[in-house]
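In what follows, a single structure is set out as C-alpha cells and then discussed.
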Amino acid sequence: MTNLHPAVTLPPVANCGLCGATPAVQWRRRLTAGELAAYVAAAQAARDRQTAAADPANPPAFGPLPTSDDVVRAVYACAQHPISAASAALVHGSTCTAPAAAALPNCDCTPEPAPPPDPMPSPGLPPSWQ
C-alpha cells in the first residue's frame, strides 16, 4: 500500500532536541514553513506517481493537499529536558524551540488550546426504571 501522505523526513533515531540523549517524552508542534513545503511537495509527488500509474479512463480522485492545520511533527526530549506534562498534551506552534534550556519546564510559545472534551454518553435508564 502506498502512503498517500508521506511523513516528513526525520532522523533515523529521534533523540532529545537539546542534548541528543535517548528520548523519554514527546509532544507535537506544527511544521515550519519549510517543513510544510517539503511535506506538501512529497504529497504532490505521490499523487503524481499514482495519477501516472492509473487508468486514464478512471483517474484517481484526491482531496485537497494538506495544510498547516493537518500535520504536526513529534518533538522529543530526554528525562532531564522535558516540558511539563500539561504543555506536552497540547500542540505547539511551528516556531516553538522547546526543549530550550532557558524556558524549561515550559516553552517559548503559546500552545494551541486543547480541544473540548467529548461529551460522556448517557447510558439512559432502562425502561423499567422510568
### Query
Looking at the stretch 82-113, which of its residues are open to solvent by 40 Å² or more (accessible area, probe 1.4 Å), among the small types (G, A, S), part of a loop (DSSP other than H, G, I, E, B) and touching a strand residue (DSSP E or B) at 6+ places or on another chain (Cβ under 9 Å)?
A89, S94
### Message
Criterion first (open to solvent by less than 100 Å² (accessible area, probe 1.4 Å) and in a loop (DSSP other than H, G, I, E, B)) does P119 satisfy it?
### Response
no
## Note on the structure
Just one listed residue, out of R30, R47, is surrounded by 11 or more Cβ atoms within 10 Å (Cβ to Cβ) and within 30 Å of P116 (Cα to Cα), and it is R30
### Message
So C78 ticks every box in (1) more than 14 Å from R28 (Cα to Cα); (2) open to solvent by 30 Å² or more (accessible area, probe 1.4 Å) but one. Which box is left unticked?
### Response
(2)
#### Entry: Pairs, first in contact (Cβ under 8 Å) with a residue 24 or more places away in the chain in the stretch 86-115, second open to solvent by 70 Å² or more (accessible area, probe 1.4 Å) and not in a loop (DSSP other than H, G, I, E, B), C-beta under 9 Å, six or more apart
A88/Q26; A88/R28; L90/R28; V91/R28; H92/R28; S94/A33
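The values are calculated or read from the model by the stated rules, or taken from the named source; none is laboratory data. Just so it is clear, the model here is predicted, and its values are computed rather than measured. Note that we place each Cβ from the backbone using ideal geometry, even for glycine, and neighbour counts take in every protein chain shown. Accessible surface is based on the protein model in full, side chains and every heavy atom, while ligands, DNA and RNA are left aside. Shrake-Rupley method; radii C 1.70, N 1.55, O 1.52, S 1.80 Å.
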